[in-house]
Amino acid sequence: MLNYIWSGLIIGSLLFALTVDAQELVENRFRNETALPVALDFPDGYAPDARRQPVEIRIDSATYRDVYGVNAAPDPVYAGTLVQTQEGRKVEFDPDADLPEPLATIQSFHATDDNPALRGALQGTSRTAAGVGRTETALQFEPVRFRKLNDIAQAALNFAETAASLALSLIGVLGLMLGLVKIGEEAGLIESLTGIVQPILSPLFPNVPDDHPALANISLNLLANVFGLGNAATPLGIKAMEDLQELNPSDEKASDDMVMLLALNTSSVQLVPPSLLVAIMGLQINQLFFSITLATLCSTVAGILGTLALHRLPYFRATAPHRTADAEDPDE
């Protein structure tokens, strides 16, 4: 079911992006083939052979509104630089310039890490004489097309990189924690812990036998969450889910116990703030200690009550794997 939801979200976002991009192309919102008339002031006089020289860019408000069909008005003057490139002369706005729409969108669309400034190709300066202080010209900006689709593609690449980095960072933690769990099993610690937590967790996980190691792994997962050890909680939660799946008669549906573990793991009480939040806020996190504890306590209670309530609904009771298995084999 979750795969269908994700597929629907992806398809919906692509359709939305295509609709917006098509509308922008039909309306020609960014005036891709139209140059913007401007006046350039040269504080040091126009130098035809200079590779870079400072300029002041003046845009008439009425002209700007007529060209782009917007109500926004540009500033009277912008600082910039006239740059000689292989493609010809271009005017480069100051990277920190407060540009109105749609120039701000054009800037962000073509911005790079090396050059975040808005650039426009200079039109008609070949007749400008050297030493002139001002010239009337026009700027042709690079076209903007399929903006939303580009945003989606860039976001997909960024999150793919994030997912790969996260997966690699978890390898060491997974190996360490699963190794410790294995050592605990061999040393009998897991069995001892199971006996301790069994009276507490059994009411929440009624289908787990009293001596099953799943109870110990569940308790370790919850303790890791309580003390803010998110990375350590992940492998322990995976191990606990694997143990619960061994008790699950269905390979396609999650059991009631698996749903309860997911609810507890997601809404776990946290007595110690998450390590990521501590890294971001430092000692200021102490101001949120009681708020975090109270909020996570309420979320845990809500998660438990919500899960128990859903378990009692006729539809979920009829489709629960354990109840389905019992109905198919009444002798057990």
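Kindly evaluate Arg58 against the criterion of being modelled with pLDDT of 90 or more, farther than 15 Å from Arg119 by Cβ and either surrounded by fewer than 13 Cβ atoms within 10 Å (Cβ to Cβ) or not aromatic (Phe, Trp, Tyr) (or both). Before you say what the answer is, go through the steps one by one.
Numbers: modelled with pLDDT of 90 or more: yes; farther than 15 Å from Arg119 by Cβ: yes; either surrounded by fewer than 13 Cβ atoms within 10 Å (Cβ to Cβ) or not aromatic (Phe, Trp, Tyr) (or both): yes.
Here the answer is yes, as Arg58 does meet what is asked.
Quick check on my filter: what residues within the stretch 296-332 are over 19 Å from Asn248 (Cβ atoms), modelled with pLDDT of 70 or more and either of a type outside the set (Ser, Thr, Tyr) or not assigned by TED's automatic domain parsing to the domain that holds Leu222 (or both)?
Start the filter on the stretch 296-332 by keeping residues that are over 19 Å from Asn248 (Cβ atoms), which leaves 296-306, 309, 312-314, 330-331.
Right, trim to modelled with pLDDT of 70 or more and you get 296-306, 309, 312-314.
Passing the criteria: Leu297, Cys298, Val301, Ala302, Gly303, Ile304, Leu305, Gly306, Ala309, Arg312, Leu313, Pro314.
Of the residues Lys239, Lys253, only one is of a type in the set (Lys, Arg), surrounded by fewer than 23 Cβ atoms within 10 Å (Cβ to Cβ) and not in a loop (DSSP other than H, G, I, E, B); which? Reasoning before the result, please.
Details: Lys253 fails: not in a loop (DSSP other than H, G, I, E, B).
Every option except Lys239 fails the conditions.
Of all residues in the stretch 106-146, which are within 16 Å of Arg29 (Cα to Cα) and touching a helix residue (DSSP H, G or I) at 6+ places or on another chain (Cβ under 7 Å)?
Once the filter is applied, which keeps residues that are within 16 Å of Arg29 (Cα to Cα) and touching a helix residue (DSSP H, G or I) at 6+ places or on another chain (Cβ under 7 Å), the stretch 106-146 yields Phe109, Phe141, Glu142, Val144, Arg145, Phe146.
Residue-by-condition table, conditions (1) among the aliphatic types (A, V, I, L, M); (2) exposed (fewer than 15 other Cβ atoms within 10 Å of the Cβ); (3) without any contact (Cβ under 8 Å) to a residue 12 or more places away in the chain:
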{"residue": "Leu9", "(1), (2), (3)": "yes, yes, yes"}
{"residue": "Ala17", "(1), (2), (3)": "yes, no, no"}
{"residue": "Asp44", "(1), (2), (3)": "no, yes, yes"}
{"residue": "Pro74", "(1), (2), (3)": "no, no, no"}
{"residue": "Ala79", "(1), (2), (3)": "yes, yes, no"}
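For the stretch 92-143, give me the residue count where each residue is in contact with a Lys or Arg (Cβ under 7 Å, 6 or more places away or on another chain) and under 19 Å from Pro48 (Cβ atoms).
We begin by selecting, within the stretch 92-143, every residue in contact with a Lys or Arg (Cβ under 7 Å, 6 or more places away or on another chain); these are 92, 102, 109, 119-122, 125.
Imposing the further condition that a residue be under 19 Å from Pro48 (Cβ atoms) reduces the set to 92, 120-122, 125.
Count: 5.
Taking Ile106, is it at pLDDT 90 or above, crowded, with 16+ Cβ neighbours inside 10 Å and outside any strand (DSSP E or B)? It would help to see each step written out before you state the result.
Values: at pLDDT 90 or above: yes; crowded, with 16+ Cβ neighbours inside 10 Å: yes; outside any strand (DSSP E or B): yes.
Spelling it out, Ile106 is indeed at pLDDT 90 or above, crowded, with 16+ Cβ neighbours inside 10 Å and outside any strand (DSSP E or B).
So, Leu149, is that one of a type in the set (A, V, I, L, M) and either part of a helix (DSSP H, G or I) or within 26 Å of Ile10 (Cβ to Cβ) (or both) or not? Break it down into steps so the answer makes sense when it comes.
Working: of a type in the set (A, V, I, L, M): yes; either part of a helix (DSSP H, G or I) or within 26 Å of Ile10 (Cβ to Cβ) (or both): yes.
Yes; evaluated as a whole, the condition is true for this residue.
Those residues that are among the small types (Gly, Ala, Ser) and either at positive phi or buried (at least 23 other Cβ atoms within 10 Å of the Cβ) (or both), I need them from the stretch 198-232; list them, please.
Start the filter on the stretch 198-232 by keeping residues that are among the small types (Gly, Ala, Ser), which leaves 202, 214, 216, 219, 224, 228, 230, 232.
Residues satisfying the conditions are Ala214, Ala216, Gly228.
The values are calculated or read from the model by the stated rules, or taken from the named source; none is laboratory data. Note that the structure is a prediction, hence the values are computed from the model and not measured. Heads up, the Cβs are rebuilt from the backbone with ideal geometry, glycines too, and the neighbour counts pull from every protein chain shown.
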